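Student: Provided herewith is a single structure, encoded as structure tokens, for subsequent inquiry.
No lab work stands behind these numbers, since they all come straight from the coordinates. None of these values were measured; they are calculated from a predicted model. In this analysis, Cβ positions are derived from the backbone assuming ideal geometry, glycine residues included, and neighbour counts consider all displayed protein chains.
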Amino acid sequence: MTSIALFNTKGGVGRTTLLYHLAWMYAELGVRVVAVDLDPQSNLTSSFLSEERLDELWMGPARGQTIVDAVSPLLEEGIGDVREPHLETVSRNLALVPGDLALARVEDELSAQWSSCLSGTPKAFRITTALHRVVQLAAARFRADLVLLDVGPNPGALNRCALIAANQVVVPLVPDLYSLQGLRNLGPTLQKWRNGWTERIEKAPASLTGLPSGTMAPAGYVVLPHALRPSRPVTAYLRWAERIPAEYRLAMKLDPSPEVISLANDLHCLAQLTHYRSLVPLAMEAGKPIFHLRPADGAIGAHVAAVSECAADFRTLARRLADRVGIDVPPPPPRLTVFG
Ligand SMILES: Nc1ncnc2c1ncn2[C@@H]1O[C@H](COP(=O)(O)OP(=O)(O)O)[C@@H](O)[C@H]1O
Ligand SMILES: [Mg+2]
């Protein structure tokens, strides 16, 4: 099982939308996926579930079934361990661990226990790795090949613990100043977290087994459409796009390329996605990914080709990422040919 976090310290760039579509695409390709919503804003959960179901989960009879309920015995009451998380089944190959605004409450405790790990306190390690264990439990229960983690954009204690649960990190980027500035900040943040965790593991009592290695390996970046920020001049984005390959290598401490590389031939560039425009509200209304939209959902005329292109883009992205992180994607079923 591989766990991948989509992370950048700059928000509002389309990370959650990317994760939602990637999760659906992997499920369609036959990869079993658990999506875990670790952003207290819970936008991923809102994308997957109807408002009625959200009402039940957050306010009503189904309370007790979010990520917070899985970690609260340990993080809020300070006893025992995490609980097995509730899994919301989305499709045959796809399940969700629902997010919760209340997850923001555990930030202070995670921050305090990060420091206490240096004294080798077992409880501090149990708390710091709580999200890791929730991820492992969810993956084992669903027999998942892949766990996708959606996290908020800030470099705080909650995200540090989320990233410790991730073997791999994919960086969503927009070709603009703000996203590249976020990238410059992201590289040192990940390095500090990896080093900090390595230093702490050395202090862990021998009785604690199954601690995550906290590799947070850079699996590549996805370029999201610049037009998501309509206030920026359109011509400027090409200039920023050209800088991404070098900036990514610099941030992730990868060997600089000996030649000038463009996005199109950079091996770290997993995809360049386009702006899906009016397909986005259609998909939200239908409660499905863009590439599942049908004429009955309003995807007619020019939309039909755009839906197919979106499917092709995500299929390519999913396979490229799978190759990079070592996930087996079942081959497509043979096409039936009817003769005569
Ligand atoms: N490729 C895209 N094309 C059009 N709109 C998009 C695309 N990706 C995201 N959006 C829209 O941009 C907004 C922010 O996206 P979101 O995925 O929530 O970003 P983040 O998780 O980085 O904060 C949302 O309204 C979403 O519908
Ligand atoms: Mg988001």
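Student: In whole angstrom, note down how far apart the Cα centers of the stretch 117-180 and the stretch 286-308 are.
Tutor: Rounded to whole Å, the Cα centres lie 33 Å apart.
Student: Another question about this same structure. Pairs to check: Lys10/Lys123; Lys123/Lys253; Lys10/Lys288; Lys192/Lys288; Lys10/Lys253. Give those whose C-alpha atoms are more than 29 Å from each other in this structure. It would help to have the intermediate numbers written out before the result.
Tutor: Details: Lys10/Lys123 32 Å; Lys123/Lys253 33 Å; Lys10/Lys288 26 Å; Lys192/Lys288 38 Å; Lys10/Lys253 19 Å.
With Cα atoms farther than 29 Å apart: Lys10/Lys123; Lys123/Lys253; Lys192/Lys288.
Student: Let me ask something additional. Remind me, relative contact order of the chain in percent, using alpha carbon pairs under 8 angstrom and six or more residues apart?
Tutor: The value is 22 percent.
Student: List, in order, the whole-Hz ³J(HN,Hα) value for each residue of the stretch 301-311 obtained from phi through the Karplus relation with A = 6.51, B = -1.76, C = 1.60 and θ = phi - 60°; use x for Gly and Pro.
Tutor: x, 5, 4, 4, 5, 5, 5, 5, 5, 4, 4
Student: Return P(r) of the stretch 2-325 (all Cα-Cα pairs; 10 Å bins starting at 0; whole %; ordered from short to long distances).
Tutor: 6, 26, 34, 24, 9, 1, 0
Student: Another question, if that's okay. Most fluctuating residue of Arg105, Arg32, Arg194 in a GNM of the chain with Cα springs under 10 Å: which is it?
Tutor: Arg105
Student: Further, regarding this structure: Between Ser278 and Ala62, what is the FRET efficiency for a Förster distance of 35 Å, r being their Cβ-Cβ separation, to the nearest 0.05? It would help to have the intermediate numbers written out before the result.
Tutor: On the way: r = 33 Å, r/R0 = 0.94.
For R0 = 35 Å, the calculated efficiency reads 0.60.
Student: Let me ask something else. Can you give me the relative contact order of the stretch 242-340 as a percent, contacts being Cα pairs under 8 Å and 6 or more apart? Before the final figure, lay out each step's value.
Tutor: Working: 56 pairs, mean separation 18.1, N = 99.
Contact order relative to length: 18 percent.
Student: Given R₀ = 30 Å, FRET efficiency for Ala104-Ala302 by Cβ-Cβ distance, to 0.05? Working shown, then result.
Tutor: Working: r = 42 Å, r/R0 = 1.39.
That pair, Ala104 with Ala302, gives E of 0.10.
Student: While we're looking at this one, here's another question. Can you tell me the FRET efficiency between Leu250 and Arg319 if r is taken as the Cβ-Cβ distance and R0 is 45 Å, rounded to the nearest 0.05?
Tutor: Numbers: r = 28 Å, r/R0 = 0.61.
The computed FRET efficiency comes out at 0.95.
Student: How long is the gain from Thr235 to Asp55 if the chain were fully straight, where each residue apart is worth 0.36 nm and the alpha carbon distance is subtracted?
Tutor: Residue separation times 0.36 nm, minus the Cα-Cα distance, leaves 60.5 nm.
Student: At q = 0.12 Å⁻¹, what is the log10 ratio I(q)/I(0) for the stretch 136-252, with the Debye formula run over Cα points and no solvent?
Tutor: -0.54
Student: Short version: ³J(HN,Hα) in whole Hz for each residue of the stretch 241-253, in order, from phi by Karplus 6.51 cos²θ - 1.76 cosθ + 1.60 (θ = phi - 60°), x for Gly and Pro, what are they?
Tutor: Going residue by residue, I get 4, 4, 7, 4, x, 5, 5, 5, 4, 5, 5, 8, 6 Hz, with x marking Gly and Pro.
Student: Shifting gears a bit: Could you give the C-alpha radius of gyration of the stretch 1-84 expressed as a fraction of 2.2 N^0.38 Å, taking N as the number of residues it contains? Could the numbers behind the result be given before it?
Tutor: Details: Rg = 14.6 Å, N = 84, 2.2 N^0.38 = 11.8 Å.
After normalising by residue count via 2.2 N^0.38 Å, the value is 1.24.
Student: Further question on the same structure: Which whole-Hz ³J(HN,Hα) couplings does the stretch 209-226 yield from phi under the Karplus relation 6.51 cos²θ - 1.76 cosθ + 1.60, θ = phi - 60°, glycine and proline marked x?
Tutor: Working through the residues one at a time gives 10, x, 6, x, 7, x, 6, 6, 5, x, 8, x, 10, 10, 8, 9, x, 5 Hz.
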